[in-house]
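The values are calculated or read from the model by the stated rules, or taken from the named source; none is laboratory data. Nothing here was measured: the structure is a model prediction, and the numbers come from that model. Neighbour counts are summed over all protein chains in view; Cβ atoms, including those assigned to glycine, are modelled from backbone coordinates with ideal geometry. Surface areas here come from the heavy atoms of the whole protein model, side chains and all, with no ligands, DNA or RNA. Shrake-Rupley method; radii C 1.70, N 1.55, O 1.52, S 1.80 Å.
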Amino acid sequence: MTPKVSICIPTYNREVFLNKTIESIIAQTYKDYEIVVVDDGSTDGTAEMIKKKGYPVRYFWQENSGDAAARNKLIEVARGQYISFLDSDDLLPPDAVEKMVDALPDNNENVIVYGPYIAIDQFGNETPRKEKKLYSGYITKNLFENILVHSCGSMFPTRVLRRARGFDTSLRVCSDYDLWLRLSLECRFIAVMSPLFKRRRHMGNLSKPSFANRLTEFKVLENFYYNRGGQEKVPFLRAMRRLSKEGYRAGRAAIREGLKDRARFLLKQAFFRYPSIKIFLWWMVALTVANDKPVRKRMPSDRLRIAFDLNPALVNRYSGFYAVGKGLLEGFEQLEEKPEYSLFYSRQYSDEANIIKDGLGDWAKLRPTLAKMRWLEDIWSISKFPTLEHYIKDFDIYHGLHHMMPPTKGKMRVMTVHDLRRYVLPDLYVKSKLGPFELAVNRADHFIAVSGSTKNDLCNIFGVPRERVDVVHLAASYVFDPIGEAEKKLVKKELSGKYGIRLDNYFIVFSSPDRRKNIGRIINAFMMSKEKLRENFKLVIVGSLPKDDNIFEDLIAEGISDSVLITGPMDDIKDIFSCADGLVFASLYEGFGIPILEAFGCGVPVITSNRSSMPEVAGDAALLVDPYDIDAVSQAMIELSNNDVLREELIERGYSRGREFTWAKSAEKTLGVYKKLCNNLM
C-alpha cells in the first residue's frame, strides 16, 4: 500500500544520532508514512545499526556524493504522495507529521507546509534561539529576505519536487535554500506556528560560517534575483538591501581568512548596492590590509626552509604525533635532498627534542621558545601578533603536526590531519574541545592527510576542496626482524615468568584510554572463540584501558583473568609483539593504523577492521572484519588460530605490503608538497 508521507533521511556518519532520529519517527501519532534512508557513503556502523535494531526502514547506500545528491536520491525512491525531509541528527516531536498533514488544504497539489523548530545541543538539551516571523501564501519576497523554510519540519508534494528536478548538486551548502526560492515562484506556503522538529546543533554540522559558505549563500540569492525570476517578485530596494547584507557578510569572512582582494570587491559592491556606515568602514579596513599573496623574495638557496611544529611529538612519546614527527624527520635524513628544518617547540621539552635531533644532520635545527605552546596558542587564537617570524626569523612554509596555526607574514601554512574521529564518532568524545582544531582548519592554506580515508573525511565534513589536500601515508614506528621458533620459546618463557601466566599462543591487542580501540568487543569475541582455539590460547592487551568504561569490570567479574593478560603500557614491545600468533586491530576508526604495518614487519598476521583507513593500509594482507560484529571478530580469531596455511599466506603478504610504506617515501612526498606550494607562490 502506498503511504501518504515519505519521511526521508539523508545521512553520513551519524550512527550515534540516527537511531534517536528514527525512533522519534516511530513515535509519531500519525502512522500513514514510510521511512527512507539514503546513506551517502558512511564509514561508521550506520547500516549495521539499522539492521541490528530491526527498524522499518527502506535503506539505500551510495558512494559519497554530497548532501544534495543524497536528497535527490530520496526524491527518486520515495513512494509517498508527500515528502518530509529529516536530517539524521534531528528529531520530530510526536505530533509533528500529524500537524503538517492536518494543515494541508483539500486542493493541495502546489502547497508546501512548513514551521519553526526547537534548537537542541548534541545532548538533546533545549537551547535558546530568536524566533522568526513566518508567513503564509506566496512568500517569495519574505523568503528572499530570510531563510524561513528548512529541510526538516516541512512537507512537499513529491510531484512538485520531481518537477523542479530536485536539489542543485553543484552547491555544497544552500542547495535547499536555492530549491525553496525556486519553488516559491509557483507554490503557496502554509506556516504552522508550533515547532515541527528539533534541530540539533553540534560541531559536526555541515554548514559553517566560512567564506566559501557565506559566498555560496550570496551567489544563490544573486543568481535567483537576476537569473531565476526573482526580479518579478522581490521589490528592488528590498533585494538590494538583502544582497548588500550577504555580500557584506561574505566580505567580512574573506577578511578573516586573509582573502583581501575578494573582501575589497565584495564590500565595495555591497556598499554601492545599499550604502551603510558599517559596510563603508569594513571596506576601508579591507583597503588598508596587505594583499592576499605578498611579493616574495627569491630564495637565496635551493633548500626550502620549513618551520616545523615539533611540540606535539614531544609531549607523549607513546602518541601518534611522536611516531609521525620522529619518523618523518628520520625519513628526511635518508633523502639526498633535504629541506632546512627549524624545529619549533617549548623549551620545557628540550630533553625530548635532543633525543629526536640526535642522528639528524645540520639541516635540522632546534628552535626552542621560552613560552609554553598553550600560552602562544591562546594568544594566537585571538590575535595576529606576534607572528611566527618573531621566533623563527625566516622560512618559506610553516608545517603544523597538530592544530596550532600561528599568524605569519603571508607564509603558507600546512596542517597535517591525522583523523576526524571526534566528528565521525561524536558520542565517544562528547567532552572534546573542538574549537582549536576547527580554527586551525579554517586558517590552514593546505593540508596533508595521512590516508585517503582521512582526506575524504576532511573534505566531506569541513568542505575543504580536494585539491587543497595531499595524501602522505605513514610508515611503521618500529622495524622488527622476525624471530625463529627457538627464540620465541625462550622469549615466551621469560614473559610467562614476568607476568605470572603461562604464554604459549596468544593474540596481541593494543589499547589506549580512547574507546574507539574497541577493546570490550574484542575481549567478548575472544571469550566466544576460546573453546575453538588451541589449548591455553591467551589474549594479551598492551596499553592502558579506556577510562570510565564499566565493561571491563563486568568482564573481570565473569572470570576472564585466566585467559586475558593486561600488561599496561610498555616501553619495549619487540619481544611480546614478535611472538604473537596474530594482531587483533579491530578499531572502530583510525586515521591510518601504524600497528598494522608493525605487525607486517615482524611476521605477525593481522585481523583488522573493514572501515575508515584500515583496509587502505592492510590491502589484501589481513583479515577484514566488521568491528561492531562480535561474531565476525570471533570467527576471524578462530580461522587465524587454526588455519596454518592462511597464517603463512597472510605473513608473506604482510611482508610484501609492509615494504610499500617507508618513512623515506613519506618524507619524499612531503617534500613534493612543499615544492608545489612554493612554486605556486613564485
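The table for this structure:
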{"quantity": "Computed accessible area, MET284, all protein chains, 1.4 angstrom probe, square angstrom", "calculated": "60 Å²"}
{"quantity": "Length added when fully stretched, LEU428-ARG238, from 0.36 nm per residue minus Cα-Cα", "calculated": "63.7 nm"}
{"quantity": "Portion, in percent, of the accessible area of segment 580-663 that falls on carbon or sulfur, probe 1.4 Å", "calculated": "47 percent"}
{"quantity": "3J(HN,Hα) from dihedral phi, segment 60-67, Karplus parametrisation 6.51/-1.76/1.60, rounded to Hz, x for glycine, proline", "calculated": "10, 10, 9, 4, 4, 10, x, 4"}
{"quantity": "Under 21 Å from the Cα of LYS198 - lysines, other chains or at least 8 residues apart", "calculated": "LYS20, LYS31, LYS99, LYS130, LYS132, LYS133, LYS208"}
{"quantity": "By average C-beta atoms within 10 angstrom, highest first, the peptides 101-107, 91-97", "calculated": "91-97, 101-107"}
{"quantity": "Of all DSSP beta bridges in segment 532-679, antiparallel share, percent nearest 5", "calculated": "10 percent"}
{"quantity": "Loop-located chymotrypsin sites (Phe, Trp or Tyr not before Pro) in segment 41-124 whose Cβ has at most 11 other Cβ within 10 Å (DSSP)", "calculated": "PHE123"}
{"quantity": "Using a Förster distance of 60 Å, the FRET efficiency for MET570-ILE118 (Cβ separation, nearest 0.05)", "calculated": "0.75"}
{"quantity": "Kirkwood Rh, angstrom, segment 557-652 [1 / mean 1/r, Cα pairs]", "calculated": "14.1 Å"}
{"quantity": "Simple spin-label estimate for PHE280 and GLN231 in nanometres, 7 Å along Cα-Cβ", "calculated": "2.9 nm"}
{"quantity": "Placed amide H near ALA364: partners under 5 Å, 5+ positions off or other chain", "calculated": "TYR341"}
{"quantity": "DSSP beta bridges in the chain [antiparallel fraction, %, rounded to 5]", "calculated": "10 percent"}
{"quantity": "R0 of 45 Å, Cβ-Cβ distance LYS20-SER136: FRET efficiency to nearest 0.05", "calculated": "0.90"}
{"quantity": "DSSP beta bridge pairing in segment 109-197, given as percent antiparallel to the nearest 5", "calculated": "45 percent"}
{"quantity": "Gain in span if fully extended, ASN354 to ARG188, counting 0.36 nm per residue against the direct Cα distance", "calculated": "52.7 nm"}
{"quantity": "The chain: relative contact order as a whole-number percent, Cα under 8 Å and 6+ apart", "calculated": "10 percent"}
{"quantity": "Dipole magnitude of the chain, debye to nearest 20 (Cβ charges: Lys/Arg +1, Asp/Glu -1, about Cα centre)", "calculated": "3720 debye"}
{"quantity": "Furthest towards positive pole of dipole, LEU646, PHE526, VAL97, structure part the chain, Cβ charges", "calculated": "VAL97"}
{"quantity": "Segment 347-439: chymotrypsin sites (Phe, Trp or Tyr not before Pro) falling in loop per DSSP and having at most 11 other Cβ within 10 Å", "calculated": "none"}
{"quantity": "Per-peptide average of other Cβ atoms within 10 Å, ordering 581-588, 167-174 highest first", "calculated": "581-588, 167-174"}
{"quantity": "Per residue convex hull volume, Cα atoms of the chain, in Å³", "calculated": "176 Å³"}
{"quantity": "Counted charge near GLU648, where neighbours are those whose Cβ lies closer than 14 Å (Asp, Glu -1; Lys, Arg +1)", "calculated": "-4"}
{"quantity": "Tilt relative to the chain, helix 277-288 - C-alpha long axis, 0 to 90 degrees, to 10", "calculated": "40 degrees"}
{"quantity": "Karplus 3J(HN,Hα) series, Hz, for segment 584-598 with 6.51 cos²θ - 1.76 cosθ + 1.60 (x for Gly, Pro)", "calculated": "9, 10, 8, 6, 6, 6, 9, x, 9, x, 4, x, 4, 5, 5"}
{"quantity": "15 Å beta-carbon shell around ASP572, net charge (K/R +1, D/E -1)", "calculated": "-2"}
{"quantity": "Segments 447-454, 652-659 sorted - mean Cβ within 10 Å per residue, highest first", "calculated": "447-454, 652-659"}
{"quantity": "Per residue accessible area of segment 236-375, 1.4 Å probe, in Å²", "calculated": "55 Å²"}
{"quantity": "Other-chain or far-sequence residues with amide H under 5 Å of SER210's (modelled H)", "calculated": "none"}
{"quantity": "Cα-based convex hull, segment 404-523, per residue volume (Å³, whole number)", "calculated": "180 Å³"}
{"quantity": "In segment 17-71, GluC sites (Glu not before Pro) in a DSSP loop with at most 16 other beta-carbon atoms within 10 Å", "calculated": "GLU63"}
{"quantity": "Neighbour net charge for VAL77 - beta-carbon separation under 12 angstrom, K R +1, D E -1", "calculated": "+3"}
{"quantity": "Between 0 and 90°, nearest 10: helix 15-26 axis offset from the chain longest Cα axis", "calculated": "40 degrees"}
